[in-house]
Each structure stands twice: as structure tokens, then as C-alpha cells.
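In what follows, a structure is listed as C-alpha cells, so that the remarks can point back to it.
The values are calculated or read from the model by the stated rules, or taken from the named source; none is laboratory data. Nothing here was measured: the structure is a model prediction, and the numbers come from that model. Here the Cβ is made from the backbone with ideal geometry for all residues, glycine too, and neighbour counts use every protein chain on show.
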């Protein structure tokens, strides 16, 4: 069905419009309308998934496993919907925050090509096609990072590009080995072969190459260096977009690959993933606590939170996978929101450094509320989304007897809370120190705060309707672990 | 660069390269070639000219800007999806139109050709953009 391809086609058409567009206002409004369209589309797709389980499209009529297949299952549907919400919030945010820079119409060209890459990665059912979407994402995100053309951004951008290209290289190598061994790159066909084959010992070579590739994308423990080196250099609008989407595509690929077809040698892989998850959490959380640049604190927190998602994958019970998916979608929203609030603090005060700013709670109480929501969500304070995400993961860990990782997860939650309280104390509670930033008197309009309000409401709703969201993530986890539905629907068995 | 041999060669090679690009584009559906290679060859004709003479002059003489090439190419790509959607086929499935031409015989025109032309124009645009950025004309 054509609707399956629309999450790729709509951004593509928008790219063409943005290339032709000469007017800044036109681009901005088209961007918002287009994002709204994408959101409506993904809700429709999700509704269809809820009814029938899978949406499959064989591109150009070539039947699976010969052609490129687009598949939307519960996991893809959830990721599509949440990423569309983020895209909408960012396009509203960009309306105000990108007003004066030159060449801003070009921003939208790469903005939507990034969205096209992200959506493509979520819905493709073919490993090589996934590689192509990763490259689309990489190229557009590199352009976006270096958008302001400053020296700092170029440095960050080149670090980002170099390490991610290395990741792509590993991806390509793993892909080649996989194709050599199985003769197919269609995910359903791969699952069919690898789940029913006992001689899968050779698969570890491919699996570890994929682990490195996705590990670099998702910024897990030994491979995360590019993230704190580059995210804080970009324009804050772009950082917020990246914080919500980029690493999560890596996590998505992890979940997809290590539940659907790399299911061999489970004793080793799950242990390995848990160790990686533990290190990622703790090191991310601890690194965040020593920084005083809001963007750096939040960047390290992205890493720390990735650990929780990998933890769910490492425990590998349906509950744990559901927890990992819940955590991913909650984190996408809350993380983007904290970056947006950091941008608003910058707009209000003119600095990202916590030492320079203060007294926001008196100056703009609304902003304080907007910060509290995602901060509590990230730290896991009930009744906001993060509490339930962490609760599910920790419960799954205790059920399965993984006490070390559970203790680490709880400690990291405290570290997160500590960092959030630090931002709160420094930026909001403490008195404005006497410096060049004290005279700033910018007034934030409603449109400025609207994206943060949207995301904050989403976080709260995900907390209040946690059982409903949990129901969806549980269905996604069941679909992934069971696998036969995926295989049968795509290969038409 | 001011090489008289290069300059004279560039004048003659330009037409040849364009011709060759179009051949590569048209045979691409079933044989080696296609929009990407054709586009590179076509862009090369201009770039070669630019190296032999002056990139700035070439830039001024181009009637269509590189971004317009890209926009036009991408639009054609989008357009090539439309027939398959209208005919209720799977997305991007080829739709062919058979045209009888006297003497020459049957000509098959299809959406894959339209797609290839789109790629052809996009590649030309992107290559121009690279060239003008690297030679710092723009």
C-alpha cells in the first residue's frame, strides 16, 4: 500500500519545494505544515498497524526477498509517530530561533532530508536499504552541524563525520559478510534463515561488526566520543533535533537486529550487552555531573540514557524489550524538550554556562515549569513518563535476576537527578550573578515556548496513560521476539 | 590554466561528451550506463571547459543555476512515481508507453526513463555545485 511509503515521499517532496523556495517565511510555514502532515500521516499509519499488525510494501512490485521491502510493524509505527511529534516541535521552534541567519532556506532542505533518512531507517525491511538511509542521515546531519560555518562547528562536525564514517564502514563490512553467509539482506528472510539454522556460529563476526556500527550511531560506552565533541557546537535548534532522533535510530537498529535475527549465542550476547549498558549508563551520568555547560550536561545524559535502552535489550525478556522501547520513545521526547529549554534559557540570558545565569524562576516562572517536566521525566519522578519507563526496566531486571545492572540503573537515576537539580539550582534558583549577562531582558513569547509545551504535555500524557503506551510497546516486543508474524507477512508464507 | 591545446580540445570535446552522456542515459535501462553516469559525463563537458578557460566565465554563461538543475531533476523523480500510483500498481513500478514511429519502428517510453532523466539532471546540478564551490566562483 502506498501509505507505507509516504513517510519517505512527503519529506522528499518537501525537499524539492524547499530547494525552489526563495522566501524565508514561506519555507518556515511550509516546514510547519509539512511536519503537521507527517504527524497526521504517522498517526494514521499507527492506527492501521493497531488494526492489522503489519503494513508491507514491495517497491516496484518486486516480491520479497528479491526487491526492497518497506515494513511498518509496531516498533516502526511507534518510532515514526514519536519522531513526527519531535519534528513538528522542532519546526515550530525553528520558526522563531532561525530568524536572522543567512541561507536559512537551505536549513529546511537538509532538515527534511534528515527526516527522510530517519523515517526511511524506521520503515525499511532491507539491511542494505537501512545502510543507505543511515548515509542519508549522516550527510544531512553533517551539513546541519556545520550550519553556522564557525570554526568550532567545523571542528565538531569533522569529528562527527570521521567517526560516523568509520561506523558506516563497519556497517558495510558486516553487511557484506552477512550477505556472503546467508545470500540475502531482506530482514524477514534473514530472520527466517537464522532462526531455523543451527550452524550460526559464524554469525558472530557479522554481529560484532553490526554492534560496532550501531554502537557508534547510538553512542554506547567505548564508542561515544563523537557525541559530546560535536553536539554542543551546533545551533541549539539542530542539537535538539539530533538529541531526539539520531542516536535513537542507532538504538532502533540495535533492537531490530538483536531481536529479529541475531538471536544465536544468546548467553554471550546478552551478557555483553548488559556490560556495555552498565558502563554506558554510569560513565555518561558521571561525565555529565562534572560539566557546567547545559548543552554538555545534556549531551552526556543522552549517552547515559542510551545505556537503559541497551539494558532492556540485554535482559531480553518480552517485558524488558517493551521497557527498552518505552524508554526510547519517552527519552526522545524528554531529551528534545530539555535541549529546547536550554535554547530558551540561552535566548533569555545569552549564555549556556550555568555559572553565568541565574534567577530565571523570578524572571520567567513559566520556563521553570517547562524545565521541570522533562527534567523530572528524565530523572524518573512519578507520574511523568520516565518513571514508568525505568520501572518497567528495573522490574524486568529483578524478575530475571540481573541485580548488578538494576543497582547501576538506580544509581544512574540518582546521578541524572543530581544533574537536573544542578541545572535547576544554578539557572533557576540562584540569584543572577553580576556579569555581562545580567542586563538581558528578553521576553519569551508564546510561540517560543509552544514546542516545549507540546513536548511537555506529551511527556505527562505518556505518564498518565502509561498503561496504554505500555500495551503498545508490549505488542511491539511480542512481535519482535516471536518473529513468525514478521516473517510470514513479508515472505507471504 | 592557459594551455592552447587544452582550450582547443575543450571546444571539440564538449559536444562529444554531451552526445555520449545522452547515449549513456538512454541505454542505461538494460545496459551499463544510466542517469548517474550520464549526468557525470554531461557535467564533465562543462567542467572541462571551465578548467581550460575560466570557471567564472563558465558560471556566468550558464543560463540555468545548479540548484535549478537539482530542483528540476528531483521534481522529475517525483513525477515518475505518479503513473504507478494512478494505475494502482505498486509504488515505482514501471509504466510503459509504446509509440509507433514511422520507419524507425516502435519506441518504448516508460517511467524508468523519466526517473533516469531526473537523476541525470540532479547529478549535473550537484556536480556543478561542487565545481563552483571548489573553484570559489560563487
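Could you check the range B:92-111 and list, in sequence order, the residues that are more than 8 Å from every other protein chain (Cβ to nearest Cβ) and crowded, with 19+ Cβ neighbours inside 10 Å?
Across the range B:92-111, the qualifying residue is only B:111.
Among the candidates A:14, A:9, the residue that is closer than 19 Å to residue B:70 by Cβ, in a helix (DSSP H, G or I) and facing chain B (nearest Cβ under 9 Å) is uniquely A:9. Residues that are within 24 Å of residue B:82 (Cβ to Cβ) and surrounded by 19 or more Cβ atoms within 10 Å (Cβ to Cβ) within the range A:42-55 comprise A:42, A:45, A:55, listed in sequence order. Residues that are more than 21 Å from residue A:300 (Cα to Cα), touching a helix residue (DSSP H, G or I) at 6+ places or on another chain (Cβ under 6 Å), assigned to a helix (DSSP H, G or I) and in contact (Cβ under 8 Å) with a residue 60 or more places away in the chain within the range A:394-427 comprise A:396, A:397, listed in sequence order. Would you say residue A:141 is over 20 Å from residue A:57 (Cα atoms), at pLDDT 90 or above and buried (at least 22 other Cβ atoms within 10 Å of the Cβ)? In short, yes.
Within the range A:17-50, the residues that satisfy the criterion of being at the interface with chain B (Cβ under 10 Å from one of its Cβ atoms) and part of a helix (DSSP H, G or I) are A:17, A:18, A:19, A:20.
Here the condition is being touching a residue at least 60 places away in the same chain (Cβ under 8 Å), in contact with a strand residue (DSSP E or B) (Cβ under 9 Å, 6 or more places away or on another chain) and within 10 Å of chain B (Cβ to nearest Cβ); of A:69, A:4, it holds for A:4 alone.
When residue A:37 is tested against the conditions (1) surrounded by fewer than 22 Cβ atoms within 10 Å (Cβ to Cβ); (2) at pLDDT below 90, the lone failure is (2). Taken over the range A:58-79, the criterion of being buried (at least 24 other Cβ atoms within 10 Å of the Cβ) and part of a helix (DSSP H, G or I) is satisfied by A:75, A:76, A:77, A:78, A:79.
Given the structure, is residue A:205 assigned to a loop (DSSP other than H, G, I, E, B), farther than 17 Å from residue A:299 by Cβ and touching a helix residue (DSSP H, G or I) at 6+ places or on another chain (Cβ under 8 Å)? So residue A:205 does not fit the description; no. How many residues are within 14 Å of chain A (Cβ to nearest Cβ), under 19 Å from residue B:110 (Cα atoms) and part of a helix (DSSP H, G or I) when one looks only at the range B:37-91? So the answer is 15.
Among the candidates A:207, A:219, A:213, the residue that is at pLDDT 85 or above and farther than 22 Å from residue A:266 by Cα is uniquely A:219.
Being in contact with a helix residue (DSSP H, G or I) (Cβ under 8 Å, 6 or more places away or on another chain) and outside any helix (DSSP H, G or I) is the filter here; which residues of the range A:275-298 pass it? Residues satisfying the conditions are A:291, A:292, A:293.
Does the range A:51-62 hold any residues that are away from chain B (no Cβ under 14 Å) and in contact (Cβ under 8 Å) with a residue 60 or more places away in the chain, and which are they? Give the steps one after another, and end with the answer.
Narrowing the range A:51-62 to residues away from chain B (no Cβ under 14 Å): A:51-54.
Within the range A:51-62, A:53, A:54 meet the criteria.
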